[in-house]
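First the structure, in the form of structure tokens, and then the observations on it.
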Amino acid sequence: MDRLIADTGFLVAFGRAADPLHQKATSFLRGYAGGLVTVAPVIVEASFFLTPHAKLRLIDWITSGGITVVDVPVSSYPDLRVTIAKYADRDIDFADAALVWLATQAGVHRILTTDEADFGIYRLRDGKRFELVNWL
């Protein structure tokens with residue numbers, strides 16, 4: 001099955017009806033038959049930008065299998081630390097570092113993001129680039 005990583009910006013666009021990118025995110029998902037995966041820190045970050053009702057819809061979507069959410073084990077924090085140190089000049093946040101970790105662990109490098117500038121720079125452990133999926 002084809003899988004894509006979902007970043008915060010995509011989830012916010014999907015979850016907020018008033019977001020200028022909401023229709024594009026919704027249309028993309030209607031036409032996409034593969035699976036989505038993200039990390040728990042992205043869900044926390046996206047929730048910050050959602051209304052209480054939108055947070056509930058996000059939780060319902062997750063629990064109904066709309067996206068797989070991977071917990072980031074504390075044992076992986078040294079890997080996240082390396083990534084955060086490597087991209088300190090870009091002020092990488094924990095959620096983005098966790099997505100770099102997820103991509104490396106899962107072997108998935110295609111990503112739905114609004115943060116093309118940063119994810120165009122970030123590299124996986126083996127030096128591979130993220131493939132920025134055109135959904136905009």
Completion exercise
Here the residues within segment 95-117 that are of a type in the set (Ser, Thr, Tyr) and either open to solvent by less than 10 Å² (accessible area, probe 1.4 Å) or over 13 Å from Lys128 (Cα atoms) (or both) are Thr113, Thr114
Exercise for the section: Hey, can you tell me all the residues within segment 17-72 that are among the charged types (D, E, K, R) and surrounded by fewer than 13 Cβ atoms within 10 Å (Cβ to Cβ)? Expected result: Arg30, Asp60, Asp71
Exercise for the section: Could you grab the pairs with beta carbons closer than 8 Å, sequence gap of 6+ or different chains, first residue in segment 102-118 and assigned to a helix (DSSP H, G or I), second one open to solvent by 70 Å² or more (accessible area, probe 1.4 Å)? Expected result: Thr104/Arg125; Thr104/Asp126; Ala106/Arg3; Asp118/Arg90
Exercise for the section: Determine, yes or no, whether Ile92 is within 14 Å of Thr8 (Cβ to Cβ), aliphatic (A, V, I, L, M) and buried (at least 17 other Cβ atoms within 10 Å of the Cβ). Expected result: yes
Fill in the blank from the handout: Of (1) assigned to a strand (DSSP E or B); (2) in contact with a Leu (Cβ under 6 Å, 6 or more places away or on another chain); (3) hydrophobic (A, V, I, L, M, F, W, C), Ala46 satisfies every one except (1)
Problem - Positions within segment 49-89 being part of a loop (DSSP other than H, G, I, E, B), more than 14 Å from the chain's Cα centre (by Cα), more than 11 Å from Leu11 (Cβ to Cβ) and not β-branched (Val, Ile, Thr), in sequence order - result: Ser64, Gly65, Pro73, Tyr87
Practice task
Name every residue in segment 29-43 that is assigned to a helix (DSSP H, G or I) and under 29 Å from Tyr77 (Cα atoms), in order of residue number.
Solution key: Ala40, Pro41, Val42, Ile43
Handout entry: Out of Ala103, Ala117, sole residue that is under 12 Å from the mean Cα position of the chain (by Cα) and closer than 24 Å to Gly15 by Cβ
Key = Ala103
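Which ones in segment 119-136 are under 19 Å from Arg3 (Cβ atoms), in contact (Cβ under 8 Å) with a residue 12 or more places away in the chain and not acidic (Asp, Glu)? Explain how you work it out, then say what you get.
Of segment 119-136, the ones under 19 Å from Arg3 (Cβ atoms) are 119, 122, 124-126, 128-135.
Imposing the further condition that a residue be in contact (Cβ under 8 Å) with a residue 12 or more places away in the chain reduces the set to 119, 122, 124-126, 128-133, 135.
Hits for segment 119-136 are Phe119, Tyr122, Leu124, Arg125, Lys128, Arg129, Phe130, Leu132, Val133, Trp135.
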Fill in the blank from the handout: With the first residue restricted to segment 64-90 and required to be touching a residue at least 12 places away in the same chain (Cβ under 8 Å), and the second required to be in a loop (DSSP other than H, G, I, E, B) and buried (at least 18 other Cβ atoms within 10 Å of the Cβ), Cβ contacts under 8 Å at 6 or more apart or on different chains are Leu80/Val72; Thr83/Ile92; Thr83/Tyr122; Ile84/Ile92; Tyr87/Tyr122
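The values are calculated or read from the model by the stated rules, or taken from the named source; none is laboratory data. From a predicted model like this one, the values you see are computed outputs, not experimental measurements. Cβ atoms come from the backbone with ideal geometry, glycine included; neighbour counts cover every protein chain shown. Accessible surface areas use protein heavy atoms only, side chains included; no ligands, DNA or RNA. Shrake-Rupley method; radii C 1.70, N 1.55, O 1.52, S 1.80 Å.
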